[in-house]
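Trainee: Below is one structure. I have some questions about it.
Quick note: the coordinates plus some simple rules give every number you see, no bench work behind them. This is a predicted model, so every value here is computed, not measured. Don't worry about glycine lacking a Cβ; one is built from the backbone with ideal geometry, like all the others, and counts go over all protein chains shown.
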Amino acid sequence: MITVTNVKKNFGKLAALDNVSIQCNRRECIALIGPNGSGKTTLIKSMLGMVVPDSGTILFNQKNIAHDWKYRKHIGYMPQIGRYPENMTIGQVFDMMKSIRKDESIQLDEELYVEFGLDKLSDKRMQTLSGGTRQKVSACLAFLFNPDVLILDEPTAGLDPVASEILKEKINREKEKGKLILITSHILSELDDLVTHIIFMQDGKLKFHKPIDALRSETGEIKLSKAIASIMLKTTP
Amino acid sequence: MKKIIKFVIIDILRNKIVLVYTLFLLITSLSVFNLEDNSAKGLLSLLNLILFIVPLVSIIFSTIYIYNSSEFIELLVSQPLQRKNIWLSLFFGLSGSMVMAFFIGAGIPILIYEPSPTGLMMLAIGCIITVIFVAIAFLTTVNTRDKAKGIGTAILLWLYFALLFDGLVLFILFQFSDYPLEKVVVIISALNPIDLGRILILLRLDVSALMGYTGAVFKDFFGTNMGLIVAFTTLLLWCVIPLGLSVIKFKKKDL
């Protein structure tokens, strides 16, 4: 569904992405992990066209995204730090997004909006919201248009355990529907029961991309965090 | 595209600064026309005020506004929207509301007290200058990520167009006063939209006699219909070129 081929991106001297190639398919739930500054967010942003790669191509459904923008209607994106116009209310932000992405064929998915209780906060201004509530708004917007691909950047950071559980349930339900889900996260144990594939990045390079079962049998560990840790120990002398 | 323009305009109208700007223009233009017994004289005083204040407010307000809407831009870029359309909608929303503010603040008094061709010309030039400086602000912001640096650049650009440029021209004229520079001066004046606007109005106000031989050359050139068309085309180019460059840059920008 998403094919990344030899993508390179430099920020000044720093190589944020160094020859990264990835193939992501439908029905997969991929965890994108790696240390801070390993290029996870840059990779996600280049898939969204927010960052333009220096070289390499990214295909979405076999079509190059370089000069395309329509493909983004199949993607729901939840940013790491949700930044919204400060003097709009929650309700206005949602109305704006709905009117921008208006499409009669899409059935709006407002499950999360209700489950997070945002309907009761709809006339609060964005500048008064806490970090967690902002995250909730971002999550709801990502799921709102029922997209085929969900890209979630640190989805559970800043959410309380209840909200985090609601979000995980929701991700699981969407996975069952056969969507492609890409998650980046630091907290590995959170992802244990969700993900099917792991992509590990370090210093802008792709270290490995494997199904989780293969990873478990290779390392002999059942816990995801331990499996990753044992691989990291092996790769770093 | 229309929707984003609508959102931008609503957002700006909620912002008190534009309201204050409109009121300021309204009060100054009304008082200028009421102080002078001759409304042509009032127009002249107003001209100097407008050519000073309008570019300043247009460029500074636009720069700050674009920096403050970086969140909004980021949000829109991840949506199925064309980058060019996002940027142009911002531009049309911003320049539309600034022109509206100018029209209400200065345009209505001009239409009341001096509804002559000269008055209309001044109205047109004020509107074009507003759009030009909004476009320059777009070019500045797209090139600098840092807010303080961007606003600093905007202030310097205004300083250059409003004050320094005239100084430079005077300096050149004095240094090369032995040579016939009158035709060159006509070309140089096209390099600054504020000067171009000032010359166009002054020529109609019959004070150009005070400008000596250069004034006569100006009158020869800008006084004709051909000259007028050339002048307005130049002003239009001053809108289109910075805007076009900023669109090209914004399409490739990392957010």
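Trainee: Roughly what % of DSSP beta bridges within segment A:2-235 run antiparallel, to the nearest 5? Before the final figure, lay out each step's value.
Mentor: Values: 21 of 38 bridges.
About 55 percent, rounded to the nearest 5.
Trainee: So what is the orientation-averaged projected area of segment B:14-62, using the convex hull of its C-alpha atoms, in nm²? Before the final figure, lay out the partial values.
Mentor: On the way: hull surface 13.5 nm².
The Cα convex hull of segment B:14-62, projected and averaged over all directions, gives 3.4 nm².
Trainee: OK, next. Just to be sure I understand: if I project the alpha-carbon convex hull of chain B onto a plane and average over all orientations, what area do I get in nm²? If you can, show how the numbers build up before the last one.
Mentor: On the way: hull surface 58.3 nm².
Dividing the Cα hull surface by four gives the mean projection, 14.6 nm².
Trainee: Something else: Under 13 Å between alpha carbons, and skipping anything fewer than 8 positions from residue B:219 in its own chain: which aspartates and glutamates qualify?
Mentor: Partners found: B:182, B:206.
Trainee: Connecting C-alpha atoms closer than 10 Å in a GNM of chain A, tell me which of A:51, A:149, A:162 has the biggest fluctuation.
Mentor: Highest fluctuation among the options: A:162.
Trainee: If you fit an axis through the alpha-carbon atoms of helix B:165-175 and take the longest principal axis of the Cα set of chain B, what angle between them do you get, 0 to 90°, nearest 10?
Mentor: 40
Trainee: Mean residue ellipticity at 222 nm from the helices of chain A, using -39,500 (n - 2.57) per DSSP H segment of n ≥ 4 over the full residue count, to the nearest 500 deg cm²/dmol?
Mentor: On the way: 7 runs with 74 residues, N = 237.
About -9500 deg cm²/dmol.
Trainee: Using just the alpha carbons, could you tell me how many Å³ per residue the convex hull of segment B:57-161 encloses? Don't skip to the answer; put the middle values down first.
Mentor: Working: hull volume 10.7 nm³, N = 105.
Convex hull of Cα atoms, per residue: 102 Å³.
Trainee: Counting other Cβ atoms within 10 Å of each Cβ, which GluC sites (Glu not before Pro) in segment A:79-166 have at most 14 and sit in a DSSP loop?
Mentor: Working: sites: A:86, A:104, A:110, A:111, A:115, A:165; in loops: A:86, A:104, A:110.
Passing both the DSSP loop test and the Cβ count: A:86, A:104, A:110.
Trainee: Quick one: divide the alpha-carbon radius of gyration of segment A:160-225 by 2.2 N^0.38 Å and tell me what you get.
Mentor: For segment A:160-225, the normalised Cα radius of gyration is 1.20.
Trainee: Can you give the Kirkwood hydrodynamic radius for the protein assembly as shown, in Å, rounded to one decimal and based on Cα pairs? Mind dumping the intermediate values first?
Mentor: On the way: mean 1/r = 0.0385 Å⁻¹.
In the protein assembly as shown this quantity evaluates to 26.0 Å.
Trainee: Give the aspartates and glutamates whose C-alpha is closer than 13 Å to that of residue A:210, dropping any in the same chain fewer than 8 places away, or say none.
Mentor: A:28, A:218
Trainee: A further question on this structure: Can you give me the Cα centroid spacing of segment B:90-144 and segment B:222-247 in angstrom?
Mentor: So the two Cα centres are separated by 15 Å.
Trainee: Please tell me the relative contact order of segment A:2-235 in percent, rounded to the nearest whole number, where contacts are Cα pairs under 8 Å and at least six residues apart. Present the calculation step by step, with values, prior to reporting the outcome.
Mentor: On the way: 396 pairs, mean separation 66.9, N = 234.
This gives 29 percent for segment A:2-235.
Trainee: Net charge near residue B:166, counting Lys/Arg +1 and Asp/Glu -1 over other residues with Cβ under 13 Å of its Cβ?
Mentor: Values: positive: B:198; negative: B:195.
Net local charge, residue B:166 excluded: 0.
Trainee: Next question, about the same structure. Among B:55, B:80, B:109, which one moves the most in a GNM of chain B with springs linking Cα atoms closer than 10 Å?
Mentor: Its mean-square fluctuation being the largest, the pick is B:80.
Trainee: Then there's this: Filter the cross-link list A:8/B:251; A:179/A:226; A:45/A:175; A:73/A:177; A:45/A:226 down to pairs whose alpha-carbon distance in this structure exceeds 20 Å. It would help to have the intermediate numbers written out before the result.
Mentor: Values: A:8/B:251 18 Å; A:179/A:226 27 Å; A:45/A:175 22 Å; A:73/A:177 18 Å; A:45/A:226 29 Å.
In this structure, A:179/A:226; A:45/A:175; A:45/A:226 lie more than 20 Å apart at Cα.
Trainee: Tell me, what does the Kirkwood hydrodynamic radius of chain A come to in angstroms if you use every pair of distinct C-alpha atoms?
Mentor: On the way: mean 1/r = 0.0538 Å⁻¹.
Final number for the Kirkwood radius of chain A is 18.6 Å.
Trainee: Any chance you could get the radius of gyration and Dmax over the Cα atoms of segment A:1-67, in Å?
Mentor: Looking at segment A:1-67, its Cα Rg and Dmax stand at 11.6, 37 Å.
Trainee: Same structure again: Order by neighbour count: A:84, B:179, fewest other Cβ atoms within 10 Å first, most last. Each step should come with its number before you reach the end.
Mentor: Working: A:84 24, B:179 9.
Fewest-to-most ranking of A:84, B:179: B:179, A:84.
Trainee: State, as an integer percentage, the relative contact order of chain B based on alpha-carbon contacts under 8 Å between residues 6 or more apart.
Mentor: Numbers: 240 pairs, mean separation 67.2, N = 255.
Rounded, it is 26 percent for chain B.
Trainee: When Cβ neighbours within 10 Å are restricted to other protein chains, what is their mean count per residue of peptide B:66-78?
Mentor: Average neighbour count from other chains, rounded to a whole number: 5.
Trainee: Run down the aspartates and glutamates and flag those whose C-alpha is under 13 Å from the C-alpha of residue B:84, throwing out any fewer than 8 positions away in its chain.
Mentor: A:68
Trainee: While we're here: Taking only Cα atoms, what is the 0 to 90° angle, nearest 10, from helix B:117-143's long axis to the longest principal axis of chain B?
Mentor: Roughly 40 degrees, rounded to the nearest 10.
Trainee: Could you sort out which of A:70/B:149; A:120/B:2; A:205/B:252 sit more than 28 Å apart by Cα distance in this structure? Present the calculation step by step, with values, prior to reporting the outcome.
Mentor: Values: A:70/B:149 34 Å; A:120/B:2 30 Å; A:205/B:252 23 Å.
A:70/B:149; A:120/B:2, as the Cα separations exceed 28 Å there.
Trainee: Using a Gaussian network model of chain B whose springs link C-alpha atoms within less than 10 Å, name the residue from B:129, B:110, B:187 with the highest mean-square fluctuation.
Mentor: B:187
Trainee: What do you get for the angle between helix B:2-14 and the principal long axis of chain B? Use alpha-carbon atoms, 0 to 90 degrees, nearest ten.
Mentor: Between the helix axis and the principal axis of chain B, the angle is about 70 degrees.
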